[in-house]
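Just below is one structure, and these are the notes that go with it.
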Amino acid sequence: MVILKKLKASSLNEVLVATTIIVVVFGITMAILSNLLRNISLRNTYEQNTVLNELMYQYQNERLKVPYTISDGKYKVEVVQENKLNNTWISFEITSKRSNKKMVKKLIANE
C-alpha cells in the first residue's frame, strides 16, 4: 500500500483574510474606475461642439432665423443677437441638461 505524503495547507483564517484583502482591493479599484469614467463622460463636449457648428453653418448659409431657441432631452440651445462695441454679434449658446455645462460661440452678424 502506498503512503501519501501529507501536504501543508492553509488554515481557514488565512483563506478568509486573503479573500477579504482581494475583495477590498477589487472594491477600491471599481470605485476609482467608475469615478474616472463618469468624469470622462461629463467632460466630453464633442457632441455639443457638433451641434453648435451645425447651427453656425446654418446661420452662415441663411437657413437659421435669429432668435432661435430649442430644448430637447439633452440640451437647451439658444441663438440670440447682441449689440456690443458698435458690432452686432450672434451668440450661439448650448447648455447640457445633465451636467449644466455651458458652451458659447459668437459670430459677427451677417449684414
*Can we say L37 is open to solvent by 90 Å² or more (accessible area, probe 1.4 Å) and either in a loop (DSSP other than H, G, I, E, B) or of a type in the set (A, V, I, L, M, F, W, C) (or both)?*
yes
*Which of the residues spanning region 55-74 are outside any loop (DSSP other than H, G, I, E, B) and surrounded by 12 or more Cβ atoms within 10 Å (Cβ to Cβ)?*
L55, M56, Q58, Y59, Q60, Y68, I70
_Extreme residue, least open to solvent (accessible area, probe 1.4 Å), among residues of region 95-111 that are of a type in the set (V, I, T) and out of contact with any Asp or Glu (no Cβ under 6 Å at 6 or more places or on another chain)_ = T95
*Quick check: anything in region 25-46 within 29 Å of the chain's Cα centre (by Cα) and touching a residue at least 24 places away in the same chain (Cβ under 8 Å)?*
yes
*Residue list for region 75-94, restricted to those being surrounded by 13 or more Cβ atoms within 10 Å (Cβ to Cβ) and more than 12 Å from K106 (Cβ to Cβ)*: Y75, K76, V77, E78, I94
*If you take the residues of region 75-96 that are free of Cβ contacts under 8 Å to residues at least 40 places away in the same chain and in contact with a Lys or Arg (Cβ under 6 Å, 6 or more places away or on another chain), which of them is farthest from N39 (Cα to Cα)?*
W89
*Tally, over region 43-54, of residues that are part of a helix (DSSP H, G or I) and surrounded by fewer than 15 Cβ atoms within 10 Å (Cβ to Cβ)*: 7
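Has region 87-109 got any residue that is small (G, A, S) and touching a Ser or Thr at 6+ places or on another chain (Cβ under 6 Å)?
Yes: one or more hits.
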*How many residues are assigned to a loop (DSSP other than H, G, I, E, B) and open to solvent by 90 Å² or more (accessible area, probe 1.4 Å) when one looks only at region 10-34?*
0
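The values are calculated or read from the model by the stated rules, or taken from the named source; none is laboratory data. The shown structure was predicted, so the numbers you read here are calculated from the model rather than taken from an experiment. All Cβ positions, glycine included, derive from the backbone under ideal geometry; neighbour counts span all protein chains shown. Surface accessibility is based on the protein's heavy atoms, side chains included, excluding ligands, DNA and RNA. Shrake-Rupley method; radii C 1.70, N 1.55, O 1.52, S 1.80 Å.
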